[in-house]
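Structure, as structure tokens:
The values are calculated or read from the model by the stated rules, or taken from the named source; none is laboratory data. Predicted model, so just to flag it, every value in this text is computed and none were measured. Methodologically, a virtual Cβ is constructed for each residue, glycine included, from the backbone with ideal geometry; neighbour enumeration extends over all protein chains shown.
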Amino acid sequence: MEHPFLVEEYIPAQAQRALQASRELGTAIPEPESAAALPPFPNLPPSEALLLTPTDPQYADYLPAANLRTQLAPALRAVCKTKNAVAVVTDWVRSNSLSFAVRCGGHSYEGFSQSTDVVIDLRGLQDITVDTSAGLVTAGAGVSLYDVYQELANNGYAFSAGSCPTVGIAGHALGGGYGLLARSHGLTCDNLQQVTMIDTQASTLEATATSEPDLFWACRGGGGGSFGIATQFVLRIFPLGNVLVFGVSWLLSQSKAARVCSAWQGWAPNAPNTITSIMKVGPGGGGSISMRCIGQSIGSNSELQNELSGLVSVETPSKPLTIQTLSFLDAVNHFAGGLNYESIYMKAKSDYVLNPLSSSAIAAMLSAVAAVPVGGIAVLCDAYGGAIADVAAADTAFPRRAGTQYCIQYFSSWLNPADTPSHLANVANVYAAMRPYLPGAAYVNYCDLDLQNFADAYWGANLPRLSAVKKAYDPDNLFHHAQSVPPSP
């Protein structure tokens, strides 16, 4: 890079420390290729696109990745502000046979939105339109979940999506989209009504249930980066004022923690649809287990109290149950953990629990977790059922419907790149401990390059139809990354 310190000027302090440590250890983020190697850029005015090379003052603004393990510096970043710009840049990379990636929110766990060549960056597509009379929101592919939440809250409305505020709407919706309204209102993809997409020939497609229905089906859970570049989404919204948020914690021996795990998995996927809960399991030190159950309800306080009474009575909490009434947007902030885009080193893997875990499976999980240093891993269990199960498995590309109990995410993050091997080993060891007990189904939005048969893990029985859609809409595999939908199953 011609200006090696330009990047740090814009990266938050935490990410700067990680970046500096990586350089000191000889594991620095790759430098960009020379833009001189690229053909003449598309003729687009600044009102339509920012064509940024490493010497541009704004280049570093757009560089940070959520996962610093994957961060790459492109020779050209085309920040598109209009649908036409996306089409023009798509035609340019195709015509010149250029390698490229597409970035929206930038939370791809494995960096599928990163490239050292060209990045088509959609963060300039920031329009949001709320139509309360139709019960719809229209959002550009560059907006974050919080952008939409805030705009909807100004109108007394909400939509079903995730709790991380800086996640982009595009990848989230295309891969499924789980959040704390999922059991009451379905996944984000279940509420998708229309996707505007730029195809391989740089033409615009409007995919709905009746127009390009196969493409629309694939966009509801098939993940991003396989069929074209989505530029705009139309989603169902609903009136929502206040919600209830809750939390309760335990610090327990493994045997007692197993009792709480068993109680939670028996309750959470079968609770009233009004309640969505998450159980976080981590090492407590000295062989103990730290547990915290959090969640949200759109039902009554009495219903929630009654539903949680059985769980909190299994073992004495270390921090008692709290229930708060908050506005929907305040609840988003409550779970968000901050609104700044964060760049860290991280690794995650996932499992779907299709049948309740046996006592031996729970014991194996807790034993593996307890062996990890405190703070070294979080095992996050997201309850399914409810409205998620009301959609047939073949009705959308997202396959984990009726019968799915919960999704497990094995997550670890750190700041010093020297700690990377130990954190990767922690995640791998806990995941490995569960292999005898789980079928290997995984969530595409928690993408994982370690998966040997990722396509089957992500899409199961829906894979043949997804591959057929891929073959129909992108026969030359223009839109691809390491785990995009394969042209043949």
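Quick notes on this structure:
- Failed condition for S133, given (1) over 25 Å from S350 (Cβ atoms); (2) of a type in the set (S, T, Y); (3) touching a strand residue (DSSP E or B) at 6+ places or on another chain (Cβ under 9 Å); (4) in a loop (DSSP other than H, G, I, E, B): (3)
- Any pair with Cβ under 6 angstrom, 6 or more apart, that starts in segment 317-340 at a residue that is in contact (Cβ under 8 Å) with a residue 40 or more places away in the chain and ends at one that is assigned to a strand (DSSP E or B) and surrounded by fewer than 14 Cβ atoms within 10 Å (Cβ to Cβ): T325/N242; S327/N242
- The strands (runs of 3 or more DSSP E) falling completely within segment 167-246 that include 3 or more residues that are surrounded by 19 or more Cβ atoms within 10 Å (Cβ to Cβ) map to 192-198, 229-236.
- Single residue of G460, G440 found to be in a loop (DSSP other than H, G, I, E, B), at positive phi and in contact (Cβ under 8 Å) with a residue 12 or more places away in the chain: G440
- Condition met for V102 (assigned to a strand (DSSP E or B), touching a strand residue (DSSP E or B) at 6+ places or on another chain (Cβ under 9 Å) and over 14 Å from G171 (Cα atoms)): no
- Residues that are touching an Asp or Glu at 6+ places or on another chain (Cβ under 6 Å) and small (G, A, S) within segment 257-299 comprise just one, A271.
- Residue list for segment 467-489, restricted to those being in a helix (DSSP H, G or I) and among the polar types (S, T, N, Q): S467
- For segment 471-486, filtering for residues that are farther than 19 Å from E212 by Cα and among the β-branched types (V, I, T) leaves 0.
- A single member of V137, V148, V167 is out of contact with any Gly (no Cβ under 7 Å at 6 or more places or on another chain) and either under 28 Å from R77 (Cα atoms) or in the same structural domain as L380 (by TED's automatic domain parsing) (or both), and it is V148.
- Test: residue in segment 342-359 that is in contact with a Gly (Cβ under 8 Å, 6 or more places away or on another chain), of a type outside the set (S, T, N, Q) and part of a strand (DSSP E or B): yes
- Filtered residue count, segment 336-389, keeping only those that are within 22 Å of the chain's Cα centre (by Cα) and not hydroxyl-bearing (S, T, Y): 28
- Qualifying residue in segment 413-424 (condition: in the same structural domain as G440 (by TED's automatic domain parsing) and either under 18 Å from the mean Cα position of the chain (by Cα) or under 20 Å from L251 (Cα atoms) (or both)): yes
- The set of residues in segment 322-335 being assigned to a strand (DSSP E or B) and either surrounded by 18 or more Cβ atoms within 10 Å (Cβ to Cβ) or within 16 Å of the chain's Cα centre (by Cα) (or both) is empty.
- Counting only residues that are of a type in the set (D, E), surrounded by fewer than 21 Cβ atoms within 10 Å (Cβ to Cβ) and farther than 20 Å from L98 by Cα, segment 442-489 holds 2 of them.
- Of the set (1) more than 14 Å from G282 (Cβ to Cβ); (2) surrounded by fewer than 20 Cβ atoms within 10 Å (Cβ to Cβ), all apply to Y384 but (2).
- Residues being more than 28 Å from the chain's Cα centre (by Cα) and either crowded, with 23+ Cβ neighbours inside 10 Å or free of Cβ contacts under 8 Å to residues at least 60 places away in the same chain (or both) - total across segment 273-315: 12
- Of all residues in segment 62-73, those that are in the same structural domain as A101 (by TED's automatic domain parsing) and closer than 15 Å to D419 by Cα have Cβ atoms under 7 Å from Cβ atoms of residues that are of a type in the set (G, A, S) and outside any helix (DSSP H, G or I), 6 or more apart or on another chain, in N67/G111; L68/S343.
- On the stretch given as segment 100-147, residues that are surrounded by 24 or more Cβ atoms within 10 Å (Cβ to Cβ), touching a residue at least 60 places away in the same chain (Cβ under 8 Å) and farther than 20 Å from A85 by Cβ total 2.
- Among the residues of segment 460-467, some residue qualifies, meaning at least one is more than 28 Å from W267 (Cβ to Cβ), in the same structural domain as G176 (by TED's automatic domain parsing), in contact with a Phe, Trp or Tyr (Cβ under 7 Å, 6 or more places away or on another chain) and modelled with pLDDT of 95 or more.
- Of all residues making up segment 368-393, the number that are in a loop (DSSP other than H, G, I, E, B) and either touching a Ser or Thr at 6+ places or on another chain (Cβ under 7 Å) or in contact (Cβ under 8 Å) with a residue 24 or more places away in the chain (or both): 11
- Residue list for segment 148-188, filter: free of Cβ contacts under 8 Å to residues at least 60 places away in the same chain and out of contact with any Phe, Trp or Tyr (no Cβ under 8 Å at 6 or more places or on another chain): E151, N154, N155, S160, L174
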